[in-house]
Amino acid sequence: MSLKGKSALVTGSTSGIGLGVATAYAAQGCNIMLNGLGDAAEIEKTRASLEAQYGVKVLYNGANMLNPDEIRAMVKAAEDAFGGIDILFNNAGIQFVSPVEDFPDDKWQQILAINCSAVFYATKAAVPGMKKRGNGRIINLSSAHSLVASPFKSAYVTAKHGVAGFTKTVALELATHKITVNAIAPGYVWTPLVEKQIPDTMKARNMTEEQVKRDVLLAAQPTKEFVTVEQVGALAVYLASDAASQITGTTISMDGGWTAA
Ligand code: NAD
């Protein structure tokens, strides 16, 4: 599975799943361009420690996924630094929960822009280089919500369904270029974002931590266990490897059985 000497651009990799995937790639010898928002000193600490721990080149680009020009410039910066991008991992995403009639227009626009349109802009910018070099992996972090819906998440579910359609379309366009395009669709993943919701939900619903996990967060997840970022990272490594060269245009669920129901 070694990805030694390859290079990956992972969007939204300053925390959570993206950071887990970047770490898994670095552990396989892959150079990384990190991206995402956050405290500059914290990001630099993460960058330097990945570089020191795995002996690969780790760069950071702060492109805002709301801005197509910044996305294009980031792809170019990664190509210039590494001599090409082997793996584009589109991961940056945000969430907002509201009944549709109250859903703020700006939140709708932002979710569509970051969770869906940014995948298009990054892919569009990276494909010419991948075609030229005759190799590439594009992996989109979608969600169980790219396959099924939940109430009050209209923008998120719309954006993630969009990513599923985009994944299939571009896979067909690139099928004879040795470039695969796939999506990973997790259920609930144990990230700081999820962890932070627990104390408030315990208070709001007068529940124990275990009740919140089982009956609220994991209500739709039959295994009643969270996916881990390491598990997503392992699948991301597999999809980037030569062994996965005939997997393209598909969404692979990692959701504890959620979408089987
Ligand atoms: P997270 O909040 O820990 O990470 C999101 C990343 O995206 C961060 O690095 C953040 O800085 C970055 N980001 C957000 N807005 C950005 C912007 N405008 N420009 C650049 N970067 C931006 O969340 P996460 O749970 O790790 O989510 C990562 C992806 O996984 C998202 O696409 C999310 O929809 C998806 N997902 C998460 C879960 C889950 O349970 N955590 C489940 C399914 C899918």
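The values are calculated or read from the model by the stated rules, or taken from the named source; none is laboratory data. Values in this document were obtained by computation on a predicted structure and should not be read as measured data. Heads up, the Cβs are rebuilt from the backbone with ideal geometry, glycines too, and the neighbour counts pull from every protein chain shown. Just the protein is used for accessible areas: all its heavy atoms, side chains included, with ligands, DNA and RNA removed. Shrake-Rupley method; radii C 1.70, N 1.55, O 1.52, S 1.80 Å.
Return yes when PHE89 is within 14 Å of the ligand (Cβ to nearest atom), aromatic (Phe, Trp, Tyr) and at pLDDT below 95 and no when it is not. The answer is no for PHE89. The numbered conditions (1) free of Cβ contacts under 8 Å to residues at least 24 places away in the same chain; (2) not in a loop (DSSP other than H, G, I, E, B) are all true for MET207 except (2). For segment 124-132, state whether one or more residues are surrounded by 15 or more Cβ atoms within 10 Å (Cβ to Cβ), within 10 Å of the ligand (Cβ to nearest atom) and under 25 Å from LEU66 (Cβ atoms). No, because not a single residue in segment 124-132 is surrounded by 15 or more Cβ atoms within 10 Å (Cβ to Cβ), within 10 Å of the ligand (Cβ to nearest atom) and under 25 Å from LEU66 (Cβ atoms). Per this entry, GLY62 is not counted among residues that are modelled with pLDDT of 95 or more, at positive phi and surrounded by fewer than 18 Cβ atoms within 10 Å (Cβ to Cβ). Could you list all residues from segment 224-233 that are assigned to a helix (DSSP H, G or I) and aliphatic (A, V, I, L, M)? Residues satisfying the conditions are VAL229, VAL232. Could you tell me whether any residue of segment 213-220 is of a type in the set (Asp, Glu), more than 13 Å from the ligand (Cβ to nearest atom), without any contact (Cβ under 8 Å) to a residue 60 or more places away in the chain and farther than 30 Å from GLY83 by Cβ? Yes - at least one qualifying residue is present in segment 213-220.
The condition (being part of a helix (DSSP H, G or I), over 28 Å from ALA27 (Cα atoms) and open to solvent by less than 10 Å² (accessible area, probe 1.4 Å)) is satisfied by just one residue among VAL216, VAL157, VAL212: VAL212. Restricting segment 83-103 to residues that are open to solvent by 40 Å² or more (accessible area, probe 1.4 Å) and not acidic (Asp, Glu), the residue that is nearest to LYS178 (Cα to Cα) is GLY83. Checked against the criterion of being more than 16 Å from the ligand (Cβ to nearest atom) and assigned to a helix (DSSP H, G or I), the candidates ALA175, ALA164, ALA236 yield just one match: ALA175. Within segment 230-243, the set of residues being more than 17 Å from VAL170 (Cα to Cα) and in contact (Cβ under 8 Å) with a residue 40 or more places away in the chain comprises GLU230, VAL232, GLY233, ALA234, LEU235, ALA236, VAL237, TYR238, SER241, ALA243.
Residues that are in a loop (DSSP other than H, G, I, E, B) and at pLDDT 95 or above were ranked within segment 138-152; the one that is surrounded by the fewest Cβ atoms within 10 Å (Cβ to Cβ) is ALA149.
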